[in-house]
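Beneath this line is the structure, given in structure tokens, with notes to follow.
The values are calculated or read from the model by the stated rules, or taken from the named source; none is laboratory data. What you are looking at is a predicted structure, and each value in this text was computed from that prediction instead of being measured. So basically every Cβ, Gly included, is an ideal-geometry build from the backbone, and we count neighbours across all protein chains shown. The accessibility values were calculated without ligands, DNA or RNA, using every heavy atom of the protein model including side chains. Shrake-Rupley method; radii C 1.70, N 1.55, O 1.52, S 1.80 Å.
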Amino acid sequence: MSNITVSLPFTPLPQFESTLRQFVDSPLVEKIFIIHNGQYTGSIRKCEGIVSGTPASGQALGQLRSKTSTDYLLFINQSQEIQLGQAALERFVAVAEQTGAGLCYSDYYEVKNGTRSEHPVNDYQLGSIRDGFDFGALLFFSVRAVRSALTKLGEVPPLGFAGVYDVRLKVSVDHPLFHIQESLYTKVESDLRQTGEKLFDYVDPRNQAVQKEMEIVATGHLKNIGAYLAPVFKPVPKSGDTFPVEASVIIPVRNRERTVGDAVQSVLRQTVDASFNVIVVDNHSSDGTTKVLEELAANDARVKHIVPTRHDLGIGGCWNEGILSEHCGRYAVQLDSDDIYSGPETLQKVLDAFRSGDYAMVIGSYRLVNMNLEELPPGIIDHKEWTPDNGRNNALRINGLGAPRAFATALLRQVLLPNVSYGEDYAVALRLSREYQIGRIYEPIYLCRRWEGNTDAALSIERANRNDVYKDKIRTIEILARQKMNNTPT
């Protein structure tokens, strides 16, 4: 019995025919809709064209909904060559029926440069609301769940890019999204960049129209699940603490002999109308980092070199050592040991931002450069998707908020950062934004230096997945906290 409709994006490349043929030949597939922008002119059995600018548009999704009469819709979101595994469609149907999932997706094999390897994906959780969640190339929707979700929460709006994002978030409100931990197909990968080269795709200025649509969809989802926060903020509590200086730049470091001296010197060159220091938390470096810092501290009293007594600290734990230190100033300002401030005015601009409003945190903008300080694409990362009214909601969708990050120390001492080495800054920014205003600086005041020593330069799929799971877990915690806050009488 045919009970699958397939949505397949058209490409003029040769692999399209081989991908399409598998679905044409399958007795489970009743209909194949080929999404194209006017290029497709074929007349193959089971196939019908849908003209749309993008496969994920609201227009394409609307037509798919009205034309689909089967139990399931297999939505293929990528135009790379797809090779179905043994009984893959049968497995999708069986798991969907047994679990009652609104959407099923699976692990897969990928072929890169002729080499085939496993590509596991992550389990979906409440906090997996980012639009970049990796479902792989095949999304197996229950048509009944889609219709139920759209009837309850509204039809897909006329979006150019975010239609599928809208559908899967609405489906997730009342239906599980189920990860089949089996490699059911092979994808021939065309994006051969390493993880470090993909990190900033979502903040590329060329993608601003896409990002705005994604924000609209994500904000609607937060309203649907009771986690949306209106732009009403608590005042930042007044502190009775005394501080030795107005600002401290905190640099956690381990084994960065090559770069940490540049980072510290960029702080010492700051011209500021208040006192400041730089606290370098040296996490038991085993190269020449400690010697570099000892020499800097001996030559300038503003350099505070701290070696923790603990041996179980991540970057977040080192930050906590710095902010809890007696040396820490009223404001704590971030600088990674790989990076430098862009000029002598960076710290002053951060302090001016704090003075201009009632902010728990201020976040700047940065420029991507190589070790020769030559700009790398996409250049300036300013996170202009942040708005004062909706920034803290949209923050749950994106993977980062910018740099440098600066905090009101007294408040940060109450919250602290999680003791991890990935996502610690994102976690504390979400936590603070839940209650307090965040100030922004949209001009670049920081240089993010990319080199082969960056910890995120070339991650394995296992490590990248682990990082993604952790940030999704942070979002889950934050969504639950916001739901609870919204349900607590004032």
For the stretch 15-31, in order, what is each residue's ³J(HN,Hα) by Karplus, 6.51 cos²θ - 1.76 cosθ + 1.60 with θ = phi - 60°, in whole Hz (x at glycine and Pro)?
5, 4, 5, 5, 5, 4, 4, 4, 7, 4, 7, 7, x, 7, 8, 8, 9
Counting only heavy atoms of protein chains, what accessible area per residue, in Å², does the chain have with a probe of 1.4 Å?
43
Starting from the Cα of residue 373, step 7 Å along the direction of its Cβ; do the same at residue 113; then give the gap between the two resulting points in nm.
3.3
Once amide H atoms are placed 1.01 Å from N in the peptide plane, what residues at a sequence separation of 5 or more from residue 121, or on another chain, have their amide H within under 5 Å of its amide H?
107, 108
Pulled fully out, how much extra length does the chain show between residue 310 and residue 24, if you take 0.36 nm times their separation in residues and subtract their Cα-Cα distance?
96.8 nm
Just the number, please: carbon plus sulfur as a percent of the accessible area of the chain, 1.4 Å probe, no ligands or DNA/RNA counted.
50
Given the DSSP H assignment, sum -39500 (n - 2.57) over each helix run of at least 4 residues in the chain and divide by its residue total; what's the result at 222 nm in deg cm²/dmol, nearest 500?
-10000 deg cm²/dmol
Note down the magnitude of the dipole of the stretch 335-490 about its Cα centre, charges +1 on Lys and Arg C-beta and -1 on Asp and Glu C-beta and zero elsewhere, to the nearest 20 debye.
640
Nonlocal amide H pairs with residue 103, under 5 Å, H built at 1.01 Å:
142, 178
Neighbourhood net charge (15 Å Cβ-Cβ; Lys/Arg +1, Asp/Glu -1) for residue 234:
+3
Pairs 112/384; 31/152; 31/170; 152/212; 46/212; 384/471: which exceed 31 Å Cα-Cα?
112/384; 46/212
GluC sites (Glu not before Pro) lying in DSSP loop within the stretch 376-458, provided at most 14 other Cβ fall within 10 Å:
452
Would you mind checking the stretch 140-168 for residues with the amide N under 19 Å from a putative spin-label position 7 Å along Cα→C-beta of residue 99?
140-149, 165, 167-168
Sorted peptide list for 161-168, 307-314, 219-226, 68-75, criterion being average Cβ within 10 angstrom, highest first
161-168, 68-75, 219-226, 307-314
Span from the the stretch 281-306 Cα centroid across to the the stretch 9-81 one, whole angstrom
60
Of all chymotrypsin sites (Phe, Trp or Tyr not before Pro) in the stretch 322-430, which ones are in loop regions per DSSP and have a Cβ with at most 14 other Cβ atoms within 10 Å?
none
Mean separation of Cα contacts under 8 Å, 6 or more apart, over the residue count of the chain: relative contact order %:
15
